[in-house]
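The values are calculated or read from the model by the stated rules, or taken from the named source; none is laboratory data. From a predicted model like this one, the values you see are computed outputs, not experimental measurements. Here the Cβ positions follow ideal geometry from the backbone for every residue, glycine too, while neighbour counts run over all protein chains shown.
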Amino acid sequence: MTHYATHVPERDSRAGERRAARRQRALKGARLVFNCGQSVADAVVRDVSEAGVRLRLGDTVGIPRDCMVAMTGSERMRPGRVVWRTSTEMGLSLR
């Protein structure tokens, strides 16, 4: 029987990181408002920074590229732009 040694290099947690600001983990509610205020989607904030957020939703289909974001505990609505998305998560840059 032959045994193969495998080397798993240590992974730098910031390796490949393209974000300008470091994100902090979060678990709070958010509301996306779009279609001129006619549509709303609830989400959970998973990561947050001054520059953006990672949101978890039931489904990201139907969420347009540009929307307004309000996080629980803040009455401030911030314009956001979708940078990436999967079927249940999306990353938004905040302006």
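Can you say whether Arg65 is under 15 Å from Phe34 (Cα atoms) and free of Cβ contacts under 8 Å to residues at least 24 places away in the same chain, as far as the supplied structure shows?
Yes; evaluated as a whole, the condition is true for this residue.
Which ones in segment 72-95 are in contact with a strand residue (DSSP E or B) (Cβ under 9 Å, 6 or more places away or on another chain) and in a loop (DSSP other than H, G, I, E, B)?
Filtering segment 72-95 for residues in contact with a strand residue (DSSP E or B) (Cβ under 9 Å, 6 or more places away or on another chain) gives 72-73, 76-85, 88-95.
Thr72, Gly73, Arg76, Thr88, Arg95 - these are the residues of segment 72-95 that are in contact with a strand residue (DSSP E or B) (Cβ under 9 Å, 6 or more places away or on another chain) and in a loop (DSSP other than H, G, I, E, B).
Please state which one of Val69, Val40, Val44, Val33 is in a strand (DSSP E or B), modelled with pLDDT of 95 or more and under 17 Å from Ser87 (Cα atoms).
Of Val69, Val40, Val44, Val33, the one residue that is in a strand (DSSP E or B), modelled with pLDDT of 95 or more and under 17 Å from Ser87 (Cα atoms) is Val44.
Would you mind finding the one in Ala26, Ala43, Ala30, Ala70 that is touching a Gly at 6+ places or on another chain (Cβ under 8 Å) and aliphatic (A, V, I, L, M)?
After applying the criteria, what remains is Ala43.
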